[in-house]
1. Return yes when VAL76 is under 11 Å from ALA140 (Cα atoms) and either among the aliphatic types (A, V, I, L, M) or at pLDDT below 85 (or both) and no when it is not.
2. State whether the residues of region 53-70 include one that is part of a helix (DSSP H, G or I), over 18 Å from VAL138 (Cα atoms) and either free of Cβ contacts under 8 Å to residues at least 12 places away in the same chain or not assigned by TED's automatic domain parsing to the domain that holds ARG122 (or both).
3. Only one of (1) out of contact with any Leu (no Cβ under 7 Å at 6 or more places or on another chain); (2) surrounded by fewer than 17 Cβ atoms within 10 Å (Cβ to Cβ); (3) in contact (Cβ under 8 Å) with a residue 40 or more places away in the chain fails for SER89. Which number is that?
4. Any residue that is at pLDDT below 85 and either closer than 29 Å to VAL42 by Cα or part of a strand (DSSP E or B) (or both) - is there at least one of those in region 135-142?
5. Starting from region 120-134, take each residue that is over 17 Å from VAL76 (Cβ atoms) and list its partners that are β-branched (Val, Ile, Thr), counting only C-beta distances under 9 angstrom and pairs at least six apart or across chains.
Amino acid sequence: MAGTSVSKLIIFIASLLVATSVAMTLTGSVIDIQGSLSQQGVNTANDIASDVTIASDPGSPGAIYDDGNETVTLLVKNSGSKTLTADPSSIDVLVDGRYGNVTSVTDLGERGDEWEPDETVRVTVHRDLDPGAHRAKVLAGGSTSTMRFYL
């Protein structure tokens, strides 16, 4: 009888050790997942806070493309809630799927390099375009905006 009690006690202690090991492993995994989800939430909040919108009128191609200087000029509004940087190195422009060299960014608001929410900047890109349909895409602050226009 004593032998049966000892063997049952050993099995009980072994099962407690296994259960403790499993619980510790699961706790570590849950903590890792929680950290990943928290970081993903912060990244998503930043993406939502920064948003841009091309405000140029696609019906006025003369205001968008200057044939003499071979430049595309777009009015881009900071439609998010986060202040962005208004300099050529922080804004990328694709015209017809090809990268355009941003030559200037002019803040139409009251602050120099700060692009406040609801303010608009004038972005000028050097690109030679032929008559026809074109597509411009602006990437700034982790957000994009696309516009189609015709020459």
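The values are calculated or read from the model by the stated rules, or taken from the named source; none is laboratory data. Computed from a prediction, not measured in an experiment: that's the story for all the values here. Cβ placement follows ideal geometry from the backbone for every residue including glycine, while neighbour counts extend to all protein chains displayed.
1. Numbers: under 11 Å from ALA140 (Cα atoms): yes; either among the aliphatic types (A, V, I, L, M) or at pLDDT below 85 (or both): yes.
So VAL76 fits the description; yes.
2. First, the residues of region 53-70 that are part of a helix (DSSP H, G or I): 61-64.
Applying the additional criterion that residues be over 18 Å from VAL138 (Cα atoms) yields 62.
In the following step, the residues that additionally are either free of Cβ contacts under 8 Å to residues at least 12 places away in the same chain or not assigned by TED's automatic domain parsing to the domain that holds ARG122 (or both) were identified as 62.
Looking through region 53-70, at least one residue is part of a helix (DSSP H, G or I), over 18 Å from VAL138 (Cα atoms) and either free of Cβ contacts under 8 Å to residues at least 12 places away in the same chain or not assigned by TED's automatic domain parsing to the domain that holds ARG122 (or both).
3. Condition (3) is where SER89 drops out.
4. Step one: list which residues in region 135-142 are at pLDDT below 85, which gives 141-142.
Right, trim to either closer than 29 Å to VAL42 by Cα or part of a strand (DSSP E or B) (or both) and you get 141-142.
Yes, that holds for at least one residue.
5. Cβ pairs passing all conditions: LEU129/VAL72; LEU129/VAL95.
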